[in-house]
1. Count neighbours as other Cβ atoms within 10 Å of each site's Cβ, and list the trypsin sites (Lys or Arg not before Pro) in segment 136-207 that are DSSP loop with at most 15 such neighbours.
2. Would you mind computing, in nm to one decimal, how far apart the modelled labels at LEU17 and LYS358 are, each placed 7 Å from Cα along Cα→Cβ?
3. Could you tell me which of the pairs LYS183/LYS353; LYS102/LYS387; LYS73/LYS393 are separated by over 22 angstrom between their Cα atoms in the structure shown?
4. Any idea how far the Cα center of segment 293-337 sits from the one of segment 96-158, in Å?
5. ³J(HN,Hα) across segment 255-260 via Karplus (A = 6.51, B = -1.76, C = 1.60, θ = phi - 60°), whole Hz, x for Gly/Pro?
6. Given LYS51/LYS351; LYS189/LYS332; LYS419/LYS466; LYS69/LYS332; LYS340/LYS379; LYS152/LYS351, which pairs have Cα atoms separated by over 24 Å?
7. Nearest 500 deg cm²/dmol is fine: what mean residue ellipticity at 222 nm does the chain get from its DSSP H runs of n ≥ 4 alone, each adding -39,500 (n - 2.57), divided by its residue count?
8. Would you kindly state how much longer the chain becomes between THR141 and ASP344 on full extension, computed as 0.36 nm times their sequence separation minus their alpha carbon distance, in nm to one decimal?
Amino acid sequence: MSKKRPPIQFNDEQLLLQASNVADIYHQLALDLFDNVVERVTERGTVYLDKQPYIWQLEKMQQMHMLNKENLKLISERSGVAEEQLRHIVENEGLKLYTDTKQQLLEDLGRGSAGNSNHIQEILADYASQSIGDIHNLINTTLPMSVIGAYKGIVEQSVARVVTGLSTADKAISDTVMQWQEKGFQGFKDRGGRNWKIDNYARTVIKTTTYRTYREMRTRPAEELGIDTFYFSKKSSARKSCAPLQHHVVTTGHARTEHGEHILALSDYGYGRPEGCLGVNCGHMLTPFIPGANYKPDLGEDVDSVSPEQAIENANAEAKQRALERSIRANKEKLHVAEKLGDDDLINKYKSKIGTQKAALKDYIDKHPFLKRNEAREKYYDDPYTKAKQEVKLREEQKKARELATKRAELDKAVKSGKIVSVSGVTVGHTPPGKAGEPNSVVQHNATNGDVLGRTYYDDRGYKVKDIHFTNHKQPDKHPYGKKGEHVHDFVFDDDGKFISRTTRELTNNEREENLDILWRY
């Protein structure tokens, strides 16, 4: 083995932030769908609700179809991008974690290459498909019904308040809208009977899948190589069952000592239970660690001197900070709805609440120096959909650029090898080369705009033996060949030039190679 080195390092925060951004898309979707509901309810004011409430109700109910149509379009756009992002994070980032981890382990053990990873790609594809499937069904089936249910509820309850004299029209709408805003779009009930907001359920699925992927792609290479020891990461805050394990070497097997390193057993700290180490909502990571080959990484000043007891206290303090941040964000969402309603009383109410909570948060952080203010966690939202859409577009462009570069390299190789066919003549326009030509020649057929439509090959008698066409002649059903309809017509003529037969087929590999100057972009 080579000299000792630290275990492989990963940018955990960046990876998990990507997953959080995907969850934010679904939350943004829920907020924007509720905006659609409020806009439909408040459209044309409240005069009719006050004077003729049942006619107002009838008009609003007649608008449900258009509202649902708008919602389905919005849901399709957002969920498509979110699903693409989640699949990329799980499949691509997960595979990179696996290959990087295994390669370093092999180097630490002085062994060969990492080998084939097809089985891992299949596992990751299954993880992505399973989580996307769970979310897709809820978002694309249950969510539209939940939105319409909220719309109907707001309309019906507003009318009831006005008819019974409980509220004025404006106040009836404001109060009812805020009640439904608090409730959110629900569509999932767990085994304990708890109703989940749809976007919260999506966030939980994404977080669970991401942590599972990242942890397994770190530990699986070790398991495949017979390694059961790992470095347990350290943070300034930790739950009771994780705190004693921080910055220690742990094992999925029995506690022991190797090369002077005391190794702790995860099973002694509740491993596998929701409240145990690495349980629900735990942010710790395991990194493969080979005693005698690796050494523990240096710690930053913010965590180096933190004791297990202090880490537990810090976790409690951090939980209170997160609760304050969630409350601020929730009130900002309420303020946004109040502004759409144009309700000055509600606007002032939530502005006051936000100001009080921000002051309380600042005071709390000042009393706990290890805590850091992160205003991003307090924002209404920061348009994660547009950011994700740009990332998806950039990846597609980069992929196309890589594919084009590969094809260009193949073309250059074919040109240098002299395999590209030599063209002895060109015809232009609607008339292609005829049945007879120069013996053993190739004549090219171009469109008037310069596009190459095909090439005709002549045998040693000067008769056509085949046409290679680079299009489907705008008849894809009749030419289901190649990548863009490219195909070959084989001709047979007798020695007198009499036509005998014509057949159609795919291009051979050799024909593709000698026409690569045209086909390289396909």
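Readers should treat all values here as calculations from the given coordinates under stated rules, not as data from a laboratory. This is a predicted model, so every value here is computed, not measured. Don't worry about glycine lacking a Cβ; one is built from the backbone with ideal geometry, like all the others, and counts go over all protein chains shown.
1. Listed in order of number, the matching sites are ARG191, ARG194.
2. The two pseudo-label positions are separated by 2.3 nm.
3. LYS102/LYS387
4. Rounded to whole Å, the Cα centres lie 26 Å apart.
5. 4, 6, 10, 9, 6, x
6. Violating the 24 Å limit, Cα to Cα: LYS51/LYS351; LYS189/LYS332; LYS69/LYS332; LYS152/LYS351.
7. Theoretical 222 nm ellipticity from helices: -18000 deg cm²/dmol.
8. 69.5 nm
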